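The values are calculated or read from the model by the stated rules, or taken from the named source; none is laboratory data. Worth saying up front: this structure is predicted, and the values here are computed from it rather than measured. Note: ideal-geometry Cβ built from the backbone for every residue, glycine included; neighbour counts use all protein chains shown.
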Amino acid sequence: MSEALHVHPEVITTHEVHHDEHGHGHHQETFISKYVFSMDHKTIGKQFLITGIIWAVIGGLFSVLFRLQLGYPDQSFPILETFFGHWAKGGQIQPEFYYGLVTMHGTVLVFFVLTAGLSGTFANLLIPLQIGARDMASPFLNMLSYWFFFLASIVMLSSIFIHTGPASGGWTMYPPLSALRQAGEGQRLGTDLWLISMALFIVSSLLGGLNYISTILNLRTKGMSMTRMPLTIWAMFFTAVLGVLSFPVLLSGAILLLFDRNLGTSFYLSDIVINGEILPNEGGSAILYQHLFWFLGHPEVYIILLPAMGMVSEILSVNSRKPIFGYMAMLGSLFAIAILAFLVWAHHMFVTGLNPFLGSVFVLLTLLIAVPSAIKVFNWLTTLWRGNIRFAPSTLFAIGFVSLFISGGLTGIFLGNSTIDIHLHDTMFVVAHFHIVMGVASFFGMFAGVYHWFPKMFGRYLNSTLGYIHFWVTMVGAYLIFWPMHYQGLAGIPRRYLDKRGWSSFNNFTELDKMITIVSIIVFAVQLMFVFNFFYSIFKGRKVTTPNPWGANTLEWTTPIRPGHGNWEGEIPEVHRWPYDYAKDGRDFIPQTEPVGEHESKH
Amino acid sequence: MQTLFIVAILALGFLITFQIAKASEYVAVLRGEERARKQTNRINGFLLLAFLIIGLIGVYYCNQKLKGKILGAPASDHGILVDRMLYITLALTFIVFLITQIALFWFSYKYQESDKRKAYYYPHNNKLEMIWTVIPAIALTILVGFGIFYWFKITGDAPKDSMVVEVVGKQFGWEFRYPGKDGILGKKYFKNVDPAGGNPAGQLWDDPANHDDIFMEQEMHLVVNKPVKLVIGAKDVIHDVGLAHFRMKMDAVPGTPTTMWFTPLYTTKEMKEKTGNPDFVYELSCDQMCGKGHYSMRGVIVVETQAEFDAWMAGKKPQYYTANPDKDPSAKKDTMATKPLAVVAGGK
């Protein structure tokens, strides 16, 4: 084994004593500075992850609640009334409550879980570890980034408990619905809190993103040229760039909306008669908000997806014991996706009355994204081809990611084509599409990452039997839930219909809705099992005994099993090669820290 | 009680699973981790293959079971184009789906870890990468080409002889306005909206084009095989005119009128026969989240022959007379161009 070059095996110590061993001039750590207001990127990553997990449980629970309504609209669940009072009068979820639930489900999962929880966790954890830095460029801003996220979380959480309930205008928060207090209960205080929370979230995301970018650009260790970086880091880099360029636009959209709500401006409002009241606003454009929103909203999809793609590339390569196929093409396609992400936002607006010519331009640009996506898929397939694959739970989740990305990506070709979008827009088809490609796929990427890097985070393994059960139930469940849902969309059933009994065209999927609800409950239960496995294993999991348990090339596995603040004992290792030298010249793997041998073949 | 029961079962199942999982971890350590890992590797490899096969059967079964429920043939000329585009895309993407999913799971199964094999060092191949850049690009060009061609047909200008109907969404229902004999919708202004004063649409009565406009709610009548142009608006928040059977959809935005046009191909009566459903109706659904009543914002469309439509229209009274009863010829019995009407307008 050659990976032990820079490892000090005697540092396999317990948690309590290890800060004594780090003599690189770090100040004395207290509980508060170590676990709460920590500036260690690894701790901040864990904070993001654990907060993300808590949010995921809440957001997932919301979906179980509204699935109950969708599957059993005629049945009453008295227990709901016990918990939610007038929101579930007579054990039936009330429409305001239903819309509050879907809005919170979307907001929480898109922003708090799959943005903060996913890139917040892994960008923080992996960037310094994989590029060979002691910490982020600015550990203090990094800490602020988490605490702004925490504040945003508190504000959002509080909106669930106020009398008029949380925001209920859908996670996209389109005005005028979201701008008018008269439009419904959720449009009162709940929406203001939603906007404030999002503003805080955007601050958090910008602080994080700027830090990730400057760290990657400036703090790479000796020899770590940009093209020697693992694809995870490239993915995090493009994610951060997307976030930094697009989140401010959402902020402006949100602020204008706050003005319209509270200061009497008319950015989005014109010609409105609501509940018999004629409003004075004239000259605003409701569609303006949609442009601002989707200018973030579409890149946001890739902010969610790119880190998952990066981690999947890394994990597939490590576990098939084979280099990632077409590193430069992978990088190029990440770049192409990042650029195109900014040029396709109006495909969410084909039926808003958009100029048809403009629509056709967006069709072209949207379908263009399928090219880099296809390259990535084929490259992952070729990475598996003639490998020697180890099915760790992380590998299975990575394979599941590719499967879901294919399925969900292909339905994107339907929706990106404006002609078909006329029929499928805002139907259950859209719900099925983005849940597979953005929701479940990114979750799979995240799970793959958690299973793979858990040993690095906590020095222990997750229980892999529970991991396998987790994977298989989630995989089968995800397809059972979302595959047939496409048919509901093809039948024209609109999104956000909590009860279809009043309709003759949409009322023939009763059995299917029941099935989907039951499967969602099972899948949710299995996620709880994962959460249990996660917290149990932090304290009681099997201990990691070797610094490089997966036999991987990247730098994070050259640190001690439980690295302290500063990551490496002594010098930061120097890098001599790209991270994907697996199966080269008959050797299982060659870490990045190993100098290129004289007789080594070129790649 | 039932809920409690389910929770208890879940908890119990979880406990058992957890115990087994812990036990298998200990067993693995005892039996030698390497051996245990290789065994689970084989199991998972097999499961991946099984997932592929059962999954593909599932895809077929799902299609057999659900394809009969997706509305049937499109009921408008544009709908035919939309469906054609849908099936072209479906054919192309399904081939890609099959190839990639089979490759994914087959490779996973075939190249699972084995002591007999060494992984193949294969970092890149420019020719291969070129092939799978160019082929998707060509396929997508085809899709974009068809898509844009149909898109311009559908979103192009409505034929000159189209009938015009104004559709307005509000929380939570639909209002319709027909232009009357002159074929012109009169001007309106939102500050004139006054349902109590007989002016729910906010029509400007000093515009003579308004004097014959017919207003109604919840039900719209269209003529079969006659193009119709919908002028769409909203009073309060954004709604969306969703016509699933016609495969048409357009947002209703307050302050920004939108339009769409299509030609209905079958009368409601014909659809009843075609679908074998005696209760068939064309439904107009709101497809854009608009508040707590969103899911119930339903309108009905009746497609009928020209003769039936004319007879129905003859029973309607212009809103002008409802708002200004003193001008109503049927009340004053003077000779105006319009026929005397006895029926009260309402449209329900």
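When B:THR89 is tested against (1) facing chain A (nearest Cβ under 8 Å); (2) more than 31 Å from the chain's Cα centre (by Cα), just one condition goes unmet, and that condition is (2). Of the set (1) without any contact (Cβ under 8 Å) to a residue 60 or more places away in the chain; (2) facing chain A (nearest Cβ under 7 Å), all apply to B:TYR321 but (2).
Of all positions in region B:134-153, none carries a residue that is under 30 Å from A:GLU511 (Cβ atoms) and touching a residue at least 40 places away in the same chain (Cβ under 8 Å). Residue count for region A:493-511 under the criterion of being facing chain B (nearest Cβ under 7 Å) and in contact with a Pro (Cβ under 8 Å, 6 or more places away or on another chain): the result is 2. Among the residues here, B:LEU4 qualifies as loosely packed, with under 12 Cβ neighbours inside 10 Å and part of a helix (DSSP H, G or I).
Could you grab me the full set of residues in region B:123-179 that are surrounded by fewer than 21 Cβ atoms within 10 Å (Cβ to Cβ) and of a type in the set (S, T, N, Q)? Passing the criteria: B:ASN125, B:ASN126, B:THR133, B:THR141, B:SER162.
With respect to (1) in contact with a Ser or Thr (Cβ under 7 Å, 6 or more places away or on another chain); (2) modelled with pLDDT under 95; (3) more than 7 Å from chain A (Cβ to nearest Cβ); (4) crowded, with 18+ Cβ neighbours inside 10 Å, the lone exception for B:ALA119 is condition (3). How many of the residues making up region A:474-492 are more than 7 Å from chain B (Cβ to nearest Cβ) and closer than 12 Å to B:ILE70 by Cβ? Total meeting the criteria: 3. In this structure, does A:SER403 turn out to be at the interface with another protein chain (Cβ under 7 Å from one of its Cβ atoms), closer than 26 Å to B:ARG42 by Cβ and touching a Ser or Thr at 6+ places or on another chain (Cβ under 7 Å)? Judged against the criteria, A:SER403 is not a match. Scoring A:ASN508 on the criteria (1) closer than 19 Å to B:HIS294 by Cα; (2) without any contact (Cβ under 8 Å) to a residue 24 or more places away in the chain leaves a single failure, condition (1).
For A:GLU598, state whether it is free of Cβ contacts under 8 Å to residues at least 24 places away in the same chain, surrounded by fewer than 16 Cβ atoms within 10 Å (Cβ to Cβ) and in a helix (DSSP H, G or I).
Values: free of Cβ contacts under 8 Å to residues at least 24 places away in the same chain: yes; surrounded by fewer than 16 Cβ atoms within 10 Å (Cβ to Cβ): yes; in a helix (DSSP H, G or I): no.
When the stated conditions are applied, A:GLU598 does not pass them.
From the residues in region B:269-302 that are surrounded by fewer than 18 Cβ atoms within 10 Å (Cβ to Cβ) and part of a strand (DSSP E or B), which one is farthest from the other protein chains (Cβ to nearest Cβ)?
Step one: of region B:269-302, the residues surrounded by fewer than 18 Cβ atoms within 10 Å (Cβ to Cβ) are B:269-270, B:272-279, B:293, B:300, B:302.
Checking the rest, the ones that are also part of a strand (DSSP E or B) come to B:300, B:302.
Values: B:VAL300: 10, B:VAL302: 14 Å.
Result: B:VAL302.
Of all the criteria given as (1) over 25 Å from B:ALA75 (Cβ atoms); (2) at pLDDT 95 or above, the one not satisfied by A:MET485 is (1). Of the residues making up region B:29-46, not a single one is touching a Phe, Trp or Tyr at 6+ places or on another chain (Cβ under 7 Å), at the interface with chain A (Cβ under 7 Å from one of its Cβ atoms), closer than 26 Å to B:HIS245 by Cβ and modelled with pLDDT of 95 or more.
Scanning region B:243-259 for residues that are buried (at least 24 other Cβ atoms within 10 Å of the Cβ), within 23 Å of A:ASN275 (Cα to Cα) and either within 7 Å of chain A (Cβ to nearest Cβ) or in contact with a helix residue (DSSP H, G or I) (Cβ under 9 Å, 6 or more places away or on another chain) (or both) yields B:ASP251, B:VAL253, B:PRO254. Of all residues in region B:49-81, exactly one satisfies the criterion of being within 30 Å of B:PRO136 (Cβ to Cβ), in a helix (DSSP H, G or I), within 7 Å of chain A (Cβ to nearest Cβ) and touching a Leu at 6+ places or on another chain (Cβ under 9 Å), namely B:LEU66. Of everything listed in (1) under 16 Å from A:PHE325 (Cβ atoms); (2) part of a loop (DSSP other than H, G, I, E, B); (3) more than 9 Å from every other protein chain (Cβ to nearest Cβ), the single unmet condition for B:ASP157 is (1). Of the residues making up region B:96-109, those that are surrounded by 18 or more Cβ atoms within 10 Å (Cβ to Cβ) and more than 7 Å from chain A (Cβ to nearest Cβ) number 2. From the list A:ALA432, A:ALA374, A:ALA329, the one residue that fits, being part of a helix (DSSP H, G or I), at negative phi and more than 10 Å from every other protein chain (Cβ to nearest Cβ), is A:ALA432.
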